[in-house]
Amino acid sequence: MEFLSPKNLNEALKFKSEHPDFTVLAGGTDACTLINSGILKSKGLINIYGIKEIAEIKENGDFLEIGALATLTQIIENRLVSKFLPVLAMACKTIGARQIQNRGTIGGNVMNASPAGDALPVFLAYETKMELLSAKGSRLVLFEKFYAGYRKTAAEADELAAKFIIKKCDDKERFAFMKVGTRRAQSISKVCACFRQSSSYKIAYGSVAPTPIRCYVTEKFLNGCKTDAFAADEAVRLVRQEVSPMDDIRSTANYRRHVAGVLLKRFLESV
Ligand SMILES: Cc1cc2nc3c(=O)[nH]c(=O)nc-3n(C[C@H](O)[C@H](O)[C@H](O)COP(=O)(O)OP(=O)(O)OC[C@H]3O[C@@H](n4cnc5c(N)ncnc54)[C@H](O)[C@@H]3O)c2cc1C
């Protein structure tokens, strides 16, 4: 297997355009597992880990920009994330354990395209834009449009994920990240969710459909009524209709549907 180690972003993009079939290696916590178990057979690897130009976390006016190569630990410990998007740090804290968080990147979580990726409902609920780069230039994609189906993304073979652009959350906003797995550490979500309530409700889930999803019907219902106990019960009923989970080794569709409602109910009770 050929192993390419670009020295900077330009070289990484050049390698990717010359070898679109090579696998990009960021932290390698997903990719190396698949290579070692023989599931991922690749002619070569392009190791982009540590390329500084796409690892930064910074403010840009009303927005926070998070480089795709920022590690989960960097996000958890970052001052700007704690201030302007604490719910992303909450989600990253539940990913794997310390070793995975130290090595794994946020871009890897997104590009891996697992419907159980824990950061994904946060990006969905926060209407994130994602920058993709190739040797030909840059383009912005709405996170909502990024997943075309189970493990299918809108990224072209010669593109790298570069950064995530998210509007800073305001002081009055209420939010939550919730995850249910077999235990607290090192477990992949049976259901995960990000909920927001500011001027309107935003409801996003992972692991309850082939891609992470926003629940627009339930949001519309909640945005159009006074949220009392009756409305909360109706929202739970609607959200259980909106998700489309499946049975797999981690859980059953029925349990996932039930839990999706329970998590929303907890959030509504808390606000
Ligand atoms: C023990 C264990 C526990 C885990 N627990 C969790 C968990 O609880 N929750 C969870 O969500 N995930 C979990 N994971 C999955 C994984 O660790 C995370 O998804 C992590 O964020 C992946 O980041 P990475 O940098 O290691 O990605 P990599 O393994 O380097 O890459 C993953 C995929 O994304 C592509 N890629 C990476 N970066 C880019 C880029 N910038 N541009 C283009 N393509 C790119 C790679 O080619 C590869 O296909 C776990 C994994 C392990 C091994």
Restricting to segment 189-230, and then to whatever is of a type in the set (Gly, Ala, Ser) and without any contact (Cβ under 8 Å) to a residue 12 or more places away in the chain, can you tell me which residue is nearest to residue 267 (Cα to Cα)? 229
Just a yes or no: is a residue in segment 163-184 over 21 Å from residue 249 (Cβ atoms) and open to solvent by less than 10 Å² (accessible area, probe 1.4 Å)? yes
Residue tally, condition open to solvent by less than 20 Å² (accessible area, probe 1.4 Å) and either without any contact (Cβ under 8 Å) to a residue 12 or more places away in the chain or among the polar types (S, T, N, Q) (or both), over segment 78-96: 0
Would you say residue 133 is outside any loop (DSSP other than H, G, I, E, B) and more than 14 Å from the ligand (Cβ to nearest atom)? no
So in segment 92-114, with the set limited to residues that are more than 8 Å from the ligand (Cβ to nearest atom) and under 21 Å from residue 162 (Cα atoms), which one is nearest to the chain's Cα centre (by Cα)? 92
What's the number of the only condition in (1) within 8 Å of the ligand (Cβ to nearest atom); (2) open to solvent by 20 Å² or more (accessible area, probe 1.4 Å); (3) under 26 Å from residue 185 (Cβ atoms) that residue 24 fails to meet? (3)
When you go through (1) over 28 Å from residue 96 (Cα atoms); (2) free of Cβ contacts under 8 Å to residues at least 24 places away in the same chain; (3) surrounded by 14 or more Cβ atoms within 10 Å (Cβ to Cβ) one by one for residue 32, which number turns out not to apply? (1)
Looking only at segment 185-226, which residues are open to solvent by 60 Å² or more (accessible area, probe 1.4 Å), closer than 17 Å to residue 118 by Cβ and not aliphatic (A, V, I, L, M)? 186, 210
Inside segment 226-250, can you point out the residues that are among the acidic types (Asp, Glu) and in contact with a helix residue (DSSP H, G or I) (Cβ under 7 Å, 6 or more places away or on another chain)? 234, 242, 247
Of the numbered conditions (1) of a type outside the set (Phe, Trp, Tyr); (2) touching a Pro at 6+ places or on another chain (Cβ under 8 Å); (3) assigned to a loop (DSSP other than H, G, I, E, B), residue 96 fails exactly one; give the number of that condition. (2)
With the condition kept exactly as written, say whether any residue in segment 97-110 is closer than 25 Å to residue 201 by Cβ and surrounded by fewer than 21 Cβ atoms within 10 Å (Cβ to Cβ). no
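The values are calculated or read from the model by the stated rules, or taken from the named source; none is laboratory data. Model, not experiment: these values are computed from the prediction. Positions of Cβ are generated from backbone atoms using ideal geometry, with glycine treated the same way; all protein chains shown enter the neighbour counts. The accessibility values were calculated without ligands, DNA or RNA, using every heavy atom of the protein model including side chains. Shrake-Rupley method; radii C 1.70, N 1.55, O 1.52, S 1.80 Å.
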